[in-house]
Amino acid sequence: MLDVTGLDAGYGEIQILRGLSLTVEPGECVCLVGANGAGKTTLMRSLSGLLRPVGGSIRFDGQELARLSAHDVVTRGVALVPEGRRVFGPLTVRDNLEMGAFRHLWPRRNDGFGRDLDFVLTLFPRLRERLQQPAGTLSGGEQQMLAIGRALMTRPKLLLLDEPSMGLAPLVVKEIFATIRALNAEGMAILLAEQNARMALRTASRGYVIAEGRIVNSADTAALQRDPAVQEAYLGF
Ligand code: ATP
């Protein structure tokens, strides 16, 4: 489904991703584990069209995404839930969700919008209670739910999650990860970048370890959890 090969990307003269390759198959939940600054966000931004790669290819369902705009990438079925959530604080929860649905609302309303909204609000009942509330007044966990909901409103085939646990209390992290598992159980393909390696490795079926912009290890998550190098570097054994 997603086939990334030899990806090079960075900022101006600074190269961050160095020949990075990975795949996600339909229905898979794959995690990307790595330390602060390893390049996870840079990869997520490259995959979603926010950062133009310098080299390599990003094939999704047989099409090349590497040179498409962020808008065109969303249209192809890849949605990013960005690090730090980035909800639109002054807008209501409902308006934030409508922003996610832009490609269905235009040029005609009602193209499944009600059904999509209901799906998101069933997944996150707390958002239903707060539909008219400004997003900026939500708790961190609720903002994360809204960011995921907004991405789901684009009807993605592949969901990219960048550090969904960041800054959240342990109980809220558990709740968010339960939702990620539920979405995956319904068939959604997911690529999950996390510094919280423990949660990521419990949630995904396969994982990659990224260091200094390169994939340094990959295996099914059960094997990664048993790997002494992974345990020492990322699981605090
Ligand atoms: P984190 O969990 O801290 O976000 P990460 O694995 O997501 O880590 P990236 O955010 O991709 O890492 O950052 C990788 C490297 O790229 C870091 O050294 C960072 O300083 C650098 N970097 C990130 N954004 C920019 C930018 N806009 N300009 C220059 N360098 C950047």
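At a glance:
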quantity	calculated
Principal-axis tilt of helix 140-152 within the chain, Cα atoms, nearest 10 degrees	90 degrees
With Cα atoms, 0 to 90° folded angle of helix 113-123 axis to the chain main axis	60 degrees
Computed accessible area, residue 73, all protein chains, 1.4 angstrom probe, square angstrom	0 Å²
Gap separating the Cα centres of segment 179-237 and segment 6-32, nearest whole Å	15 Å
Computed Rg/Rh of the chain, alpha carbon atoms with Kirkwood Rh	0.96
Segment 29-39 - phi-based ³J(HN,Hα) in whole Hz, Karplus 6.51/-1.76/1.60, Gly and Pro as x	10, 10, 10, 10, 10, x, 6, 3, x, 6, x
For residue 27, residues with placed amide H under 5 Å, excluding near neighbours	189
Environment charge of residue 119, counting only residues whose C-beta is closer than 11 Å and scoring Lys/Arg +1, Asp/Glu -1	-1
Order of exposure, largest accessible area first, which applies to 60, 88 with probe 1.4 Å	88, 60
Whole-Hz ³J(HN,Hα) from phi, Karplus 6.51 cos²θ - 1.76 cosθ + 1.60, for segment 86-96, glycine and proline x	6, 6, 8, x, x, 7, 6, 4, 4, 5, 4
Computed [θ] at 222 nm, helices only, for the chain once each DSSP H run of length n ≥ 4 contributes -39500 (n - 2.57)	-10500 deg cm²/dmol
Span from the segment 127-162 Cα centroid across to the segment 42-107 one, whole angstrom	14 Å
Residue 83 long-range amide H proximity, modeled H, under 5 Å	162
Gain on full stretching of the segment that runs from residue 174 to residue 214 - 0.36 nm per residue minus C-alpha separation	11.5 nm
Neighbour net charge for residue 41 - beta-carbon separation under 10 angstrom, K R +1, D E -1	-1
Surface accessible to a 1.4 Å probe, residue 137 within the full protein complex, Å²	90 Å²
Local electrostatic count at residue 206 - Lys and Arg +1, Asp and Glu -1, tallied over other residues with Cβ under 11 Å	-3
0 to 90° range, to nearest 10: angle between helix 170-185 axis and the chain longest Cα axis	90 degrees
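The values are calculated or read from the model by the stated rules, or taken from the named source; none is laboratory data. In this text, all values refer to a predicted model and were calculated from it rather than measured experimentally. For neighbour counting, all protein chains shown are included, and Cβ atoms are generated from backbone atoms with ideal geometry for every residue, glycine included. Heavy atoms of the whole protein, side chains included, go into the accessibility calculation; ligands, DNA and RNA do not. Shrake-Rupley method; radii C 1.70, N 1.55, O 1.52, S 1.80 Å.
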